[in-house]
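For reference, the structure discussed in these notes is given below.
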Amino acid sequence: MANPFTLGVASGEPLPDGVMLWTRLAVDPVHPDPKRPGGMAPRAVEVRWQLAEDERFTRNLRQGSIQALPVWAHSVHVRAAGLRPGADYFYRFRTGNQHSPTGRTRTADDPDSTRPVRFAVADCQRYEHGLYTAYRHLAGERPDVVFHVGDYIYELRESARTVRRLEPPRRETVTLHEYRNRHARYKSDPDLQAAHAAAPWVPVWDDHEVLDNYRGRGDGSAAFLKRRGAAYQAYYEHMPLRVRPRDGALQMYRRRTYGMIADFLALDTRQHRDATHMLGPAQEEWLLTRLRTSPVRWRILIQPLFFARRFVPGPPPNLRRDSWDGHPEQRARILAAGAPGLVVFSGDVHNAWAAELKSDFLDPAAATVGVEFVASAISSLPPATDVPAVLSANPHLRFFDGRRGYLSCTAGPTDLRVAYRAVDFVDVPGAPLRTAAEFVTEGSGLTFENASSK
Ligand code: FE
Ligand code: CA
């Protein structure tokens, strides 16, 4: 068999005692025949896996084998358990005489730990718009964990603004085969593979993993639900998730806790959305309960959409209805939960912002009850924005940067630090890493640590 590890390796969903390991066999990542996704024959393939505490696979070696099945596009999801908390591990796969690259992963910290947590936040990686240079830099930082806040793929037909091209037919994805091939196209990028191989990931999705601006069950038609089910299945097949899709649904909201330091509350702002609820009632109750009762230092929302009010002066619409500005009542309930150490991460708008979250966004004297850090995009190009007008119309918005990039963060017992990493260009390789700004917060209010625009 030709090399089947063309999509790299990944790990994710870290717990104090375990982590998921992922790969997908594909000798030809974007093979055109729907009956042979990845160019693989329609039969099960045995895959051996190994995990150890050192890169030479000698210390505490664990291993096993698993069947890669055609029904899941020969993806494998290995549940590694019984591991030490807050520890680095290395893993690899083998089938026949073919070996995968080695990945590095890390378990979550022990429940009593007060050790600082180093994490990165990335999002929005439209393939045609640019190179994933930012991911190469992110991989070099080797954070404890990487959060992806959505638009991992774009279902759209090929963009007119093209740094690199999709393969034919370059159309909007609708079928399971088309979603699989779009994921495989993205996953074949070596910089994205490096970021997955460097640290465990906890991803949440936004709209473009399925369809631009969709919500919930869409128009309720059988055609849409079939399409959404296909998109969810392809997403699962390309991510190191703990749970599988069932009956066209995939449980995505979840909590990942790091010691006494951080509760990462990963939200699903799409699947359960209806006209009045961004999250749906069950997810909101789960979230509010955890915000009120969590004993840890930081309550951190991991979700795609701009959370602070953002009024855009000029002709209407002045508020983005697809974002939290379309669901102000639910946003107000979250902000009123009285959660100390509330931090929101978001993305989606393809530019970097920072905000103070106010108990009443229309009252400049209102209390600051949390902070928000908006990641730019790994590669997706931004819409035109009148930045000075938006900043002056929204005094709680404190920072803007228009470059591609990601966030590099450290949550500790006293403060939380966020560095805005940026690359100056994504149309040719080799952009060096910049730090656009650094913020420190103790939970309510932002301080510029270093505003040098290097
Ligand atoms: Fe996006
Ligand atoms: Ca989006």
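Ranking request for peptides 105-113, 318-326, 382-390, 7-15: highest mean number of other beta-carbon atoms within 10 Å first, then the rest in descending order. Walk me through the intermediate numbers first.
Details: 105-113: 20.0, 318-326: 17.0, 382-390: 12.2, 7-15: 24.1.
Ranked from most to least packed, the peptides come out as 7-15, 105-113, 318-326, 382-390.
Once label points are set 7 Å from the Cα along Cα→Cβ at both Arg164 and Lys226, what is their separation, rounded to one decimal in nm?
Label-label distance for Arg164 and Lys226, simple model: 3.3 nm.
Estimate the FRET efficiency between Ser444 and Ala249 by the formula 1/(1 + (r/R0)^6), using the beta-carbon distance for r and 30 Å for R0, to the nearest 0.05.
Calculated transfer efficiency: 0.25.
I'd like to know how region 279-371 sits against the 2.2 N^0.38 Å rule of thumb: what's its Cα Rg over that expected value?
Working: Rg = 13.4 Å, N = 93, 2.2 N^0.38 = 12.3 Å.
Here the answer is 1.09, to two decimals.
Where only protein heavy atoms count, and the probe is 1.4 Å, what is the accessible area per residue for the chain in Å²?
38 Å²
Over every pair of different alpha-carbon atoms in region 290-449, take the mean of 1/r and invert it; report that Kirkwood radius in Å.
After inverting the pairwise mean of 1/r, the radius is 16.2 Å.
Quick check: from the Cα gyration tensor, does region 1-55 come out rounded (a/c under 1.5), prolate or oblate?
prolate
Please identify the DSSP H helices in the chain that span no less than 15 Å along the helix axis (Cα) and have a mean Kyte-Doolittle hydropathy of 1.6 or more.
Qualifying helices: none.
At q = 0.06, 0.07, 0.08 Å⁻¹, what log₁₀ I(q)/I(0) does a Debye calculation on the Cα points of the chain give, no solvent, two decimals?
Each listed q maps to, in turn, -0.24, -0.33, -0.43.
Along the charge dipole of region 159-318, Cβ charges K/R +1 and D/E -1, which of Phe307, Pro245, Ala266 sits furthest on the positive end?
Going by the charge dipole, the pick is Ala266.
Enter the mean projected area of the convex hull around the alpha-carbon atoms of region 1-107, in nm², rounded to one decimal.
6.3 nm²
Cα-Cα pairs above 23 Å in region 178-297: how many percent? Before the final figure, lay out each step's value.
Numbers: 2764 of 7140 pairs.
Of all Cα-Cα pairs in region 178-297, 39 percent lie more than 23 Å apart.
At a 10 angstrom cut-off on C-beta neighbours, averaged per residue, how do the peptides 47-54, 247-254 rank from highest to lowest?
On the way: 47-54: 18.1, 247-254: 15.6.
Taking the mean over residues of other Cβ atoms within 10 Å, the ranking is 47-54, 247-254.
Using a 1.4 Å probe on the protein heavy atoms, what percent of the accessible area of the chain belongs to carbon and sulfur?
52 percent
The values are calculated or read from the model by the stated rules, or taken from the named source; none is laboratory data. Quantities reported herein were computed from a predicted structural model and do not represent experimental measurements. A quick note on method: Cβ atoms are made from the backbone with ideal geometry, for glycine too, and the neighbour counts reach across all protein chains shown. Side chains are part of the model used for accessible areas, which takes the heavy atoms of the whole protein and leaves out ligands, DNA and RNA. Shrake-Rupley method; radii C 1.70, N 1.55, O 1.52, S 1.80 Å.
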